[in-house]
Amino acid sequence: MRCLWPFALAGMLLSAAITRDAADNWIGSTVLPSTLPATSVEMRDRNGDLLRAYTVADGLWRLGLRPDQVDQRFVDMLLSYEDKRFHSHAGVDPLALLRASAQALWHGRIVSGGSTLTMQVARLLEATGTGQWPGKLRQIRVALALERQLSKAEILGLYLTLAPYGGNIEGVRAASLTYFGKEPARLTAAQSALLVALPQSPEARRPDRAPAAALAARDTVLARLSGNGTLSAETAQAALSEPVPQQRIAFPALAPHLTDRARRLAPEQLRHDLTLDAGLQRKLEALAVESLRHLGPRLSIAMLVADHRNGAVLASVGSAGLAEDARQGFVDMTTAMRSPGSTLKPLVYALAFDRGLAHPETLIDDRPVAFGRYAPQNFDGQFRGDIRVSEALRLSLNIPVVRLTEALGPANLMAGLSRAGVRTALPGGQPGLAVALGGVGVSLEGLVQLYAGLAQGGQAVPLRSSMSGDAAAVSRIVSRSAAWQVSNILAGIAPPPGAAQMRLAYKTGTSYGHRDAWAVGFDGAHVIGVWIGRPDGTPVPGAFGGDLAAPVLFQAFERLKPRADPLPPPPPETLIVPNASLPLPLQRFGTRNAAIVDAPRLAFPPDGARLPLHGQALTVKLRDGLPPFTWLADGAPLVVGTHRREAALEGLGAGHVTLSVIDAAGRADRVRIVVE
């Protein structure tokens, strides 16, 4: 018999080797599920704070993270409670399985689980059940295979990403943001214990639906960890007094329009680091809602804040909220092409200063004028005669700026916008003099970029919202002195009534038909633009940039900081002298192709016209003259005190009629017509 034991031992070793090889083959041939679960696309601000996250498939919140981004005490508590031998076993803990099996046999029910964290990761990756032996055997096989292919840190990271926390919340990071409103880098002992307890029964223990069950489960974790020495008795006792959260905290969804745009531009990117400041963005979104509270239900608002020293966009509000259907809140009005009203006037003046056509102290005529068939009018219908160029800009007069545009050429104004990097939409294709008054489409982004260039001494400042990427090539819009002169003029405009007394260089604008109300301004560091109107472009009667948008502009600067940064001093080459000391050509501006308007002229009907009215009103049209106007038929007044250059005359009898019009200066024109 003694001679047989070596053969028996050899047989046992051979059998063990065959079993080991079979196990190796069994484990090695395992087809693993993907170990790269989809995680939410994240938008981060300039400080790394979460601006917005997007759900993955099935609407799940699952945010990626690494173990080193989680509070180490939580990790220690998790391993002590769930898998003490995590760092030493190969995916399966035989001792834990034996203990769980023995307890189940003794009690006739499952008392404790024998699953390791690796086995739980296997179950989460494949979404398999936990109570059936085939499922448990599959988890064991996958767990053993995972341990061969991944490091312990990678396996732990998968658990921290996939662990269920109730509803559509998966992973420790999503749970920490949902229940505590913070990242999991710093957790209290009570918070850590709750996050350890929830995955065992995530629906039954959801603190927002079953706070009592959540509290009991958390306290059980604290008691066990205090008993095994993971937590001190004092720490555990203090944690027991901390309440559990009873409602979910919504994930941040700041800057929805801009973040959607960033995602569309790079759909494969999981993390977008943006130049926005989350705190400022939150303040301005609240300001947008507050500003519309007492306005019409269809009005929308847009705001943009940028650092003009480097072009970084700090806040972007495309509307008062995506859910505002009546206000068409889904439309991003920072990029919509709209008529800018008078907000392009500063560029016209800066270009005129640059070309030597004018100086802030130059005198310019503000009286009726016509350029061929185009006769611009001031917004208030009044004329001020000789006026300094600086005052004409502060008062936002139309006639002086059109005079300057005619001398510059509208194409040069468009070229200035192009150098500033402003995208434009030009109706009709060819620029005319009306471009200076808003006859071109630009966006709020474009206007803010233009004013950023003026604030930076005439050097174009491309706006950017991403922390990555190369700086765009820049060009010069106007000279330093011209940019400073315009900025200094705009800084002389008084703040709106009730606004903070801060010195801003700002300009307001109102587009034709009161469709758009604008205000754009800057201090020594930042530029802000505000737009208010209806996204569908319908008129807003009585809406003016100075009344609606300017107060919001100053409030936005207050949200940015309580005091404005000082504007820069003039460049040394700037000519700062009174009118009398200017060179003669700069003392008074002269227009080349304009006809000075002295008396009103009837444009329609022409003298001698025969008109078959058949009892209908006659529409008459007027050119030139100084409003208000009085219309007469055969010496009898029909329309009195109108500022319009078109009128409907009713009650004209058949036969010869003498039509007359008299302007505010007493000048008149008349025609004789025949009414049939």
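Derivation of every value follows stated rules applied to the coordinates shown; laboratory data play no part. Values in this document were obtained by computation on a predicted structure and should not be read as measured data. Don't worry about glycine lacking a Cβ; one is built from the backbone with ideal geometry, like all the others, and counts go over all protein chains shown.
Numerical summary
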| quantity | calculated |
| --- | --- |
| 5 angstrom amide H check on Ser40, placed H, neighbours 5+ away | Arg62, Leu63, Gly64 |
| Size of charge dipole - segment 474-546 - debye, nearest 20, with Cβ of Lys, Arg +1 and Asp, Glu -1, no other charges | 200 |
| Gyration tensor verdict on segment 390-457 (Cα atoms; rounded if a/c is under 1.5, prolate if a/b is larger than b/c, oblate otherwise) | oblate |
| Rel. contact order, % - alpha carbon contacts under 8 angstrom, at least six apart, the chain | 10 |
| Unsatisfied cross-links (Cα-Cα over 25 Å) in the set Lys345/Lys621; Lys283/Lys507; Lys283/Lys345 | Lys345/Lys621; Lys283/Lys345 |
| Order by protection proxy (mean Cβ within 10 Å, highest first), peptides 647-656, 416-425 | 416-425, 647-656 |
| Cα gyration tensor category, rounded, prolate or oblate, for segment 280-363 with a/c compared to 1.5 | prolate |
| Proxy reagent accessibility, fewest Cβ within 10 Å first, across Trp518, Trp631 | Trp631, Trp518 |
| Part-to-part distance (alpha-carbon centres) for segment 599-636 and segment 481-498, which is given in Å | 43 |
| Rg(Cα) / (2.2 N^0.38 Å) computed for segment 526-676, rounded to two decimals | 1.71 |
| Cα gyration tensor of segment 350-508 - equivalent ellipsoid semi-axes, whole Å, descending | 27, 20, 15 |
| Lysines with Cα under 20 Å of Lys152, excluding same-chain neighbours fewer than 8 positions away | Lys84 |
| Other-chain or far-sequence residues with amide H under 5 Å of Asp669's (modelled H) | Val661 |
| Calculated over segment 175-287: convex hull of Cα atoms, volume per residue (Å³) | 156 |
| Ranking of Ser396, Ser80, Ser487 by count of other Cβ atoms within 10 Å, fewest first | Ser80, Ser396, Ser487 |
| Kirkwood Rh in Å, taken over all unlike Cα pairs in the chain | 31.0 |
| Relative contact order %, segment 598-675, counting alpha carbon pairs below 8 Å whose residues are six or more apart | 39 |
| The chain, helix-only ellipticity at 222 nm - DSSP H runs n ≥ 4, -39,500 (n - 2.57), divided by all residues, nearest 500 | -10500 deg cm²/dmol |
| Distance from segment 41-74 to segment 197-217 (C-alpha centre basis), Å | 22 |
| Trypsin sites (Lys or Arg not before Pro) within segment 321-410: DSSP coil, no more than 13 neighbouring Cβ in 10 Å | Arg373 |
| 16 Å tail of the calculated P(r), segment 594-644, as % of Cα pairs | 51 |
| Sorted by Cβ density within 10 Å, fewest first, the residues Ser241, Ser481 | Ser241, Ser481 |
| Cα point-scatterer Debye curve for segment 178-235, base-10 log of I(q)/I(0) at q = 0.14 Å⁻¹ | -0.38 |
| Sparse-neighbourhood loop sites, trypsin sites (Lys or Arg not before Pro) in segment 582-662 - DSSP loop, at most 10 other Cβ within 10 angstrom | Arg592 |
| Inter-part distance where segment 637-660 and segment 227-260 are each reduced to a Cα centre, Å | 77 |
| Loop-located trypsin sites (Lys or Arg not before Pro) in segment 138-188, at most 16 other Cβ atoms within 10 Å (DSSP) | Lys182, Arg186 |
| Segment 310-451: relative contact order in percent, alpha carbon pairs under 8 Å with at least 6 residues between | 30 |
